[in-house]
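Before any comments, here is the structure.
The values are calculated or read from the model by the stated rules, or taken from the named source; none is laboratory data. Owing to the predicted nature of the structure, the values given are computational and were not obtained by experimental measurement. Quick reminder, even Gly has a Cβ in these numbers, built from the backbone with ideal geometry, and neighbours come from all protein chains shown. To get the accessible areas, we keep the full protein, side chains included, count just its heavy atoms, and leave off ligands, DNA and RNA. Shrake-Rupley method; radii C 1.70, N 1.55, O 1.52, S 1.80 Å.
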Amino acid sequence: MVDLTRREFVRKVAGAAGLTFVGCGASAQSTSPAASTRRVVSVNGRRIRTVDIHAHCLVPAAAALLNQQPNRSALLPLAGEPQETRVAAMDRAGIDVSALSINLNWYGADRDLATQVVTMQNEQLAEFCAAHRDRFVAFASVALQFPELAASQLESCVRNFGFRGVAIGTMAGRRELADRSLDPFWKKAEELGVVVFVHPLATSDPNGRLAGNGALANAIGNPLELTIALSHLIFEGTLDRYPGLKVCAAHGGGYLPSYAHRSDRSCSVFPEQCTPGQPQKAPSRYLKQLYYDSILFTEEGLRHLASEVGAQQIVMGTDAPYPWVDAPVDVILRTPGLSDRDRAAILGGTAARLLGIQ
Ligand SMILES: [Zn+2]
């Protein structure tokens, strides 16, 4: 990480703003609010600044360091390629601000390589967002397979670059997120007050049952990964040890919010498999202290999530550029049972607060 204060960094970036802006390819027209195709979202006549908390990008040079080819040319590359397509898609969908994260593909790297990749990604993310602060914020990358290092990387990102969140996978290499060796990371995330966006890696499927037709490793494997990861955070006491954590789960938290009350019974049905007093509350109660993106696909799915966890815990997500979701704003506007305040919170208010978007 380049050792610059945030002010020095912003000044440096601002000094090279033309170069950075053009180099990253987001044209002035495409980011202008005056662009004619930009959808303006309102709730009951009040303009809402909408925020997509789940959008992907990549840093090509970091992917090259890992000898990985981006699997979709439509991913927003933070150097080299034009960005008009992404900004135009945001404008059409009514997304004012996208919170960018990079898919977690460096958890198998050794310490030196992981450090290089993470440093490169965070510097480019910070530079890109500083140059496009009206449309993009970003989650930091950390080398979670080295928890102490990840904690110091996170602190550096927050203090030097002003990141307000970090993206992590559903496992840290072969370790569960609730493994006690990760406590230094959780402690630091709580202390810094940043959002921890949990996004599944390609699912672990040791028995090969998700192979075959249907992209099941992604379609059902990813929500399953989240279900497992969140359940461990609850049952292993991570959320008791760090109650101030702001964890945001991708994909609506997977299957957990649909079936959480079964977990409330597991320690009474199988007490011999439970540590007494852990977790400290009924498992389903922890759901109300987590955050979730809105990728539920239907109004009924979103309505149910809101009734289980509270509408104020939900933030809009799209998974851009992957075409999982057709009309992210409209699903939120049409979901029954939400108040105007709820809709404003889901569309952008809660994410703006969490991510410190001014
Ligand atoms: Zn995603």
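Using the structure shown, decide if Tyr286 is more than 16 Å from the ligand (Cβ to nearest atom), in contact (Cβ under 8 Å) with a residue 40 or more places away in the chain and crowded, with 16+ Cβ neighbours inside 10 Å. Yes, satisfied.
Yes or no, residue by residue, for (1) within 16 Å of the ligand (Cβ to nearest atom); (2) of a type outside the set (D, E, K, R); (3) farther than 24 Å from Arg46 by Cα:
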| site | (1), (2), (3) |
| --- | --- |
| Cys267 | no, yes, yes |
| Glu272 | no, no, yes |
| Thr275 | no, yes, yes |
| Leu305 | no, yes, yes |
| Val325 | yes, yes, yes |
| Asp330 | no, no, no |
| Pro336 | no, yes, no |
| Ser339 | no, yes, no |
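The residue that is least open to solvent (accessible area, probe 1.4 Å), counting only those in the stretch 224-242 that are more than 16 Å from the ligand (Cβ to nearest atom) and among the charged types (D, E, K, R), is Asp240. Among residues of the stretch 329-354 that are modelled with pLDDT of 95 or more, those with a beta-carbon under 6 Å from a residue that is among the acidic types (Asp, Glu) at least six positions away or on a different chain give the pairs Val331/Glu299; Arg334/Glu299; Thr335/Glu299.
Taken over the stretch 84-101, the residue count meeting the criterion of being at pLDDT 95 or above and of a type in the set (Val, Ile, Thr) is 2. Cβ-Cβ contacts under 8 Å between residues 6 or more apart (or on different chains), taken from a first residue in the stretch 96-120 that is within 20 Å of Tyr322 (Cβ to Cβ) to a second residue that is within 16 Å of the ligand (Cβ to nearest atom) and of a type in the set (Lys, Arg), are listed as Ser98/Arg86.
Taking the listed residues Gly221, Gly193, Gly253, the one that is within 16 Å of the ligand (Cβ to nearest atom) and surrounded by fewer than 22 Cβ atoms within 10 Å (Cβ to Cβ) is Gly221, with no other qualifying. If we scan the stretch 311-322, do we find a residue that is open to solvent by 10 Å² or more (accessible area, probe 1.4 Å) and among the aliphatic types (A, V, I, L, M)? Yes - at least one qualifying residue is present in the stretch 311-322.
Results for (1) over 16 Å from the mean Cα position of the chain (by Cα); (2) of a type in the set (Phe, Trp, Tyr), shown as yes or no for each residue.
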site	(1), (2)
Leu201	no, no
Asn207	yes, no
Gly214	yes, no
His251	no, no
Tyr255	yes, yes
His261	yes, no
Asp264	yes, no
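From the list Phe128, Phe163, the one residue that fits, being at pLDDT 95 or above, closer than 30 Å to Val40 by Cβ and of a type in the set (Phe, Trp, Tyr), is Phe163. Select from the stretch 52-83 the residues that are within 13 Å of the ligand (Cβ to nearest atom) and modelled with pLDDT of 90 or more and write down the one among them that is most open to solvent (accessible area, probe 1.4 Å). Here the answer is Leu58.
Among what's in the stretch 197-218 and is more than 14 Å from the ligand (Cβ to nearest atom) and within 20 Å of Tyr259 (Cβ to Cβ), pick the residue that is least open to solvent (accessible area, probe 1.4 Å). Here the residue is Leu210. What are the residues in the stretch 197-245 that are of a type in the set (Phe, Trp, Tyr) and either within 17 Å of Trp324 (Cα to Cα) or assigned to a loop (DSSP other than H, G, I, E, B) (or both), if any? Across the stretch 197-245, the qualifying residue is only Tyr242.
The residue list Ser141, Ser156 contains one member that is open to solvent by less than 20 Å² (accessible area, probe 1.4 Å) and at pLDDT 90 or above, which is Ser141. Count of the stretch 296-310 residues, restricted to those that are open to solvent by 40 Å² or more (accessible area, probe 1.4 Å), within 13 Å of Leu338 (Cα to Cα) and free of Cβ contacts under 8 Å to residues at least 40 places away in the same chain, is 4.
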